[in-house]
Amino acid sequence: MRSQVALVACNGGCRNTSCAYGCIGCGMCVSICPFGAIAFNDNGVAQVDERLCQGCGACVVECPQGIIRLHDADCPIVIKCSNRDPGKVARTACEVSCIGCGICEKVCPSGAAQVANNLSAIDEELCLSCGMCAVKCPRHAIYDLRGILTAKA
Amino acid sequence: MATFYVNGRTVTVQRNQSLLRFLRDELHLTSVKDGCSEGACGACTVIIDGETCRACVPKTDALEGKHVLTVEGLSPWEKKLYTYAYGEAGAVQCGFCIPGMVLCTKSLLDRVDDPTEEQIRHAIRNNYCRCTGYVKIIKAIQLAAKLKREGAIPEPTETDWKLGSSVHRLDVEEKVLGYGKYPDDWYLENMAYGSAVRSQYARARVLGIDAEKARALPGVVAVITAEDIPGENKVGHIKHDQYTLIPIGGLTHYLGDAIALVVAEDQETLEKAKKLVKVTYEPLPPIHGPEEAKSPDAPLVFDEEKTNVQAHKHVARGDASGAIAQSKYVISRHFETPWTEHAFLEPECAVAYWDEDGYVRILSTDQSSHTTLHECKLLLGSEKVRVQNQLVGGGFGGKEDMSVQHHAALITYLTGRAVKVKFSRAESLLVHPKRHPFWMDFTIGCDENGIIQGVKASVYSDTGAFASLGGPVLERACTHASGPYNYQNFEIDGTAYYTNNPPAGAFRGFGVTQTCFAIESLLNEMAEKVGISPWEIRYRNAIRPGQELPNGQIVGAETGLVETLEAIRPYYDAAVAAGKPVGLACAMKNSGVGVGLPDWGRCKLIVEADEKVHIYSGASCIGQGLGTVLVQMVVTNTPLGRDDIVYERSNTWIAPDSGDSSGSRQTLVTGEACRRACEKLAEALGNHPLSDLIGQVFYGEYLAKTDKLGADVPHPVSHVAYGYATQMAVLDRSTGRIESMVAVHDVGKAVNPRSCEGQIEGGVVMSMGYALREQYPIDENCKPIDKFGKLGLFRAHEIPDIQAIVLDKPGLDVACGAIGIGEITSIPTAPAIAEAYYQLDGKRRTKLPLEDTPYERKR
């Protein structure tokens, strides 16, 4: 319980046009993962299989974009974007980018979702995993990793 | 449009809506409770494709092909399993969170055969419970897992319903399976929906109300304003100062004041129509707190009042100032305690309709159906009102006032329509009275041995926008500020101020949670000064049978404070010996209203055609388990068995008025009335079968007679009984978090020991929130700013080990010796925790929630 697993905070991939922050598909994480838990998904983005991930953090260190972090495996609601550009710029960079609009912050019942530097983040200590932010996000940048409230990827 | 499956059945939903609304309003699967519709509370938890999920979050269009499971869709064996496990563990109190918890249980046990306690806590950590402190829910899940592995469900371990037996509560099944009805679970034919347009300003004069556009909207049934009220506009417990609707020309008192009532055919039209009601105001500067309210040039909160002082109390015996002046050790400190929201899981809701006898029938969730009756009769100027309690999803003092009941009654009376008036969670947070914030200055004097010589205090509170129970709360804060100790020089002066904040009223502990924090914290500091332990200073001063409390009352043989101290001693000594930071505090709390007020318990036992005895008492079972208490009382005091007895929920036309579920009074006061009725029934019964008594009524009543405050008698009886408690907190030095809580309570005869433990665990966790984290911040417009999920309520994975110890000491010769437990469970917790932090880091904390702890939430 409360085990940590890796998360790639990007799901732009093949949809990505000009984002400087997202996954570049270099494959460093895929090759370094000792558990074979990371593979490219249909969007061309590295994606962690949480059932295999042991939370060792090797990919976190390795990722040249610095967009992989460890998160609480019990918190399935995650933001898969790392774009810190202002909304106007972020909007054109990728069709699933966080534009820092603050809707997640507004609908979050527990104060867990907060926008800082044009990018939303979820405080997993406070998160109730309700997924209201994921359902309301106009950019589909927030995911329910269980695939119930949103697509899995 | 989407097609998916609900409990295995294919459903096609045309109109895109939240899954919660579809399940409740269209399929009437009312086990799925609407506790907030914000994603916070977890009461609407369902299972979607094997994963727990709140039904209020997804829209139906997003569910194409998915499988949704509610409690109604569990297999018969699972239903039996969870009913048994939750009943056996004593996990069900108000029941509102329970169907959600049950589905979390199922989801966990479907994956894990033998879950660890940590896994269980994590499985329910996103679901709030305000009654149980989660302890017994965790036990229920452990038990369910064991029985599931074994594949067999045994009989309950205790089946004798006599007093002292931990039988399963009588309402376990209907709450676990979700078929028991709270008001919101009623869907009457041709039922309209009503809701109030509330003030835009905390303080403003209403200049005009234009409802034409709203009335013209198709689907709107009516817009009701103050001039439509047939009887008295103002309601209120003691003082009638709560406006049902603010009239044109009238002053608003807070943002929760209702100005117009809108009635519509459906909930969507209702929300649209509310926005179309245009109210014009002359905004006026609001009063933000007592400091402003007491200033000589402060504007008045009420047009009708000459001052912002809502209540003033002065309690004095002996010579406090003189005694303190002669004391070897003297400590003076200032203390502050915050607003607290009750956060019961079920928001306020009432359904009203004209019944077959021509009465306005109100189906309510409140702490006294007779109080609701009384207030609604005045409002309607009519005797033709009947009130019936439904299941009550928690109260804790927050459902003592009119919130929705009077609005529903008014709508039905004026429109003839059946109506449901239900608060959104935001409305509930804004409107109902909260726990009073207090500001307190205390001085204590002790001799060289730590014997208290005198205590002098001055306190004031913010009672907000109407009186509610502000006066009695202040009084109880003052009368109990002395603590449960034997000394004779005590003086306290207290004032409650009206402000334009939300109102404050009753809240578990009723003022004593506040002053107890002050006096107990002072005693802890004094112990250090004298050079004795916090335990020792209490043991030396503890009130003992035959001694005189600072209020002059001589306490009887039932007084068990010393026993609670003795029972906790091994735990205390062990923690101290292990070098752990540990804190201790004591409390007393009255059982019964006391101070000379007419405090009646009444009960009727009627033998009906089904050859069973039906218990009727106008006393609300709000989740504390009163129904079970009364059945156990009847089984104990008659030759009848459990199966001969039916408990009827409180109503106002058969069940006699038995007062509010307030002041920890129902077990004792209504319990004694019931016992008296039992005597008559048992006598009539003799050796006859029940069928010989069909149609007979056996009536019992009991007056808990007391003397009024300041009565000119040598030893006034302030209250018929007191419960006593000692609680302690132990910290983990490495994390700074609470490792364990031990709570020892003297409750006289424990009617149902497991139920009693449940009250204690729930009270302790509630006050851990009060001590460490819960807040109810109010902004410069007198608006409460936090949502339910931000209040800081404790969650299942955060609670420490809690030991609830129920002493079984013979009580009074009323109610078979049972004394109430409801409130005291929450009283000594905060000062015990504050002392534990002092032991950890040497900082005296005099303000709640405590600062500089790992639980603190920075804003």
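Taken together, the values in this text are just the output of simple stated rules run on the coordinates, not laboratory data. Remember, it's a predicted structure, so these values are computed and weren't measured experimentally. Note that we place each Cβ from the backbone using ideal geometry, even for glycine, and neighbour counts take in every protein chain shown.
Brief remarks on what is shown
- For segment B:106-210, the mean projected area of the C-alpha convex hull, equal to one quarter of the hull surface, is 13.9 nm².
- In this Cβ point-charge picture (+1 for Lys and Arg, -1 for Asp and Glu), chain A has a dipole of about 400 debye about its Cα centre.
- Convex hull per residue volume in Å³, alpha carbons only, for chain B: 159 Å³
- Of the GluC sites (Glu not before Pro) in segment B:769-859, the ones in a loop by DSSP (not H, G, I, E or B) with at most 13 other beta carbons within 10 Å are B:780, B:851, B:856.
- Alpha-carbon centroid distance for the pair segment B:451-484 / segment B:357-398, whole angstrom: 30 Å
- When restricted to Cα atoms, segment B:600-703 yields an Rg and a Dmax of 12.4, 39 Å, respectively.
- Here segment B:213-269 and segment B:61-88 have alpha carbon centers that stand 40 Å from each other.
- Restricting segment B:15-69 to trypsin sites (Lys or Arg not before Pro) in coil, as DSSP defines it, with at most 15 other Cβ within 10 Å: B:15
- With Cα atoms as the point set, the radius of gyration and Dmax of segment B:593-637 evaluate to 12.9, 42 Å.
- Whole-Hz Karplus values for segment A:29-36 come out as 5, 4, 7, 7, 4, x, 10, x Hz, taken residue by residue from phi with 6.51 cos²θ - 1.76 cosθ + 1.60 and θ = phi - 60°; glycine and proline positions read x.
- Whole-number percent relative contact order across chain B, with pairs defined as alpha carbons under 8 Å at least 6 apart: 14 percent
- For the protein assembly as shown, the alpha carbon convex hull comes to 175 Å³ per residue, rounded to a whole number.
- Rounded Å value of the spacing that divides the Cα centres of segment B:709-750 and segment B:515-568: 10 Å
- Percent RCO, i.e. relative contact order, over segment B:2-184, from Cα pairs under 8 Å lying at least 6 residues apart: 25 percent
- Segment B:600-703: relative contact order in percent, alpha carbon pairs under 8 Å with at least 6 residues between: 44 percent
- For segment B:717-810, the Cβ-based charge dipole about the Cα centre amounts to some 100 debye (Lys, Arg positive; Asp, Glu negative; other atoms uncharged).
- Here, segment A:89-136 yields an orientationally averaged convex hull projection of 3.3 nm² when only Cα atoms define the hull.
- Computed from the C-beta positions of residue B:610 and residue B:232 and an R0 of 45 Å, the FRET efficiency is 0.65 to the nearest 0.05.
- Check: segment B:2-184 dipole with +1 on Lys, Arg Cβ and -1 on Asp, Glu Cβ, in debye: 240 debye
- Where trypsin sites (Lys or Arg not before Pro) fall in DSSP loop in segment A:1-67, at most 16 other Cβ within 10 Å: A:2, A:51
- Dimensions (Å) - segment B:748-859, Cα atoms, principal axes, largest first: 52, 36, 26
- Computed on the Cα trace of segment B:373-520, the radius of gyration divided by the Kirkwood hydrodynamic radius gives Rg/Rh = 1.13.
- Furthest towards positive pole of dipole, B:766, B:744, A:76, structure part the protein assembly as shown, Cβ charges: A:76
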